[in-house]
1. Determine which member of the set 149, 145, 154 is within 30 Å of residue 106 (Cα to Cα), modelled with pLDDT of 85 or more and under 16 Å from the mean Cα position of the chain (by Cα).
2. Quick check, is residue 189 out of contact with any Cys (no Cβ under 6 Å at 6 or more places or on another chain), outside the structural domain of residue 31 (by TED's automatic domain parsing) and modelled with pLDDT under 90?
3. Are any residues in region 43-74 under 16 Å from residue 108 (Cβ atoms) and surrounded by fewer than 17 Cβ atoms within 10 Å (Cβ to Cβ), and if so, which ones?
4. Being farther than 22 Å from residue 79 by Cα, surrounded by 16 or more Cβ atoms within 10 Å (Cβ to Cβ) and not small (Gly, Ala, Ser) narrows it down to one of 178, 112, so name that one.
5. Condition first: surrounded by fewer than 23 Cβ atoms within 10 Å (Cβ to Cβ) and at positive phi. Now tell me which residues in region 91-106 satisfy that.
6. Being part of a loop (DSSP other than H, G, I, E, B) and under 20 Å from residue 58 (Cα atoms) is the filter here; which residues of region 4-37 pass it?
7. Exactly one condition in (1) without any contact (Cβ under 8 Å) to a residue 60 or more places away in the chain; (2) within 22 Å of residue 145 (Cα to Cα); (3) surrounded by fewer than 22 Cβ atoms within 10 Å (Cβ to Cβ) is false for residue 81; which is it?
8. Being closer than 27 Å to residue 122 by Cβ and at pLDDT below 95, is that true of even one residue in region 58-71?
Amino acid sequence: MVTFSGPPASAIRNLPISDELKTVLEGAGNAVGIDEIRIVSGGQPAKGEGTRRTGSTRHDHGRAADLQLIVGGAAKTFSDNAADPVVSAFVTACAARGATGIGAGVGYMGDRTIHVGFGTSVDDRSQLTWGAGGKSVNAPRWLTAAAEAGWNSAKTLPLKAEKPGRYQVIARSGLKLRLGPGTEFEAVETLPLGTELTVVAFESENNAWAKVDLQGDGLLDGHVLATFLAPVDNPTGNEAAPEPEAA
């Protein structure tokens, strides 16, 4: 499970990020195997609400963050020509989960810090990437390609689980089974990608956690994050459907 650190108290934008953004980052981080998301610049008050702010309105109310991806104790890096595969995968995962403003570039914030967030206001849903100078024309090709891959695939991603029934794990690195509905509960095992299980009920705010039965015997085994579950297709078939006359 990915952890978060920052923003530092000394940063100008030192307010927490929004719950909406944290959900995007947490889902993306868990999907690609990030250990820690280190926020170096977080939220800020909107114009007229305070003076400790800088730059555009994207960071207002924590709707954007400048961050680094930590794996094995070290930050993943990139150049303007290429990026660590984990960085590219993270960008794609963020875009697929709803992030619409993503910036990176050696001439923008160095070789390990990226901007991920939403628009300039709650009504701005434009999808943009940018690099040095905050200009889209300067966005590294790998960044634009990774973001567009996420935006293009967003409509095909499984919907968040909502009803009890049969589901499968879709987290690339596996999904932790916990003793209760929250990350503060002990993880007893990691369910591999593709594991099928029965969701008995959804719990917690926004049905974020699923109470599951792994054996199909009606007994409860624990809780998992519902975001990383997808319904198992059980087609009934149609014998009346036309078939080819010959193979």
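The values are calculated or read from the model by the stated rules, or taken from the named source; none is laboratory data. Quick caveat: nothing in here was measured; it's all calculated off a predicted structure. Here the Cβ is made from the backbone with ideal geometry for all residues, glycine too, and neighbour counts use every protein chain on show.
1. Numbers: 145 fails: under 16 Å from the mean Cα position of the chain (by Cα); 154 fails: modelled with pLDDT of 85 or more.
Selected residue: 149, the only one of 149, 145, 154 that is within 30 Å of residue 106 (Cα to Cα), modelled with pLDDT of 85 or more and under 16 Å from the mean Cα position of the chain (by Cα).
2. No; evaluated as a whole, the condition is false for this residue.
3. The answer is 54, 55, 56.
4. 178
5. 98
6. At the first step, the residues of region 4-37 found to be part of a loop (DSSP other than H, G, I, E, B) are 6-14, 16-18, 33-35.
Result: 6, 7, 8, 9, 10, 11, 12, 13, 14, 16, 17, 18.
7. Among (1) without any contact (Cβ under 8 Å) to a residue 60 or more places away in the chain; (2) within 22 Å of residue 145 (Cα to Cα); (3) surrounded by fewer than 22 Cβ atoms within 10 Å (Cβ to Cβ), the lone unmet condition for residue 81 is (1).
8. no
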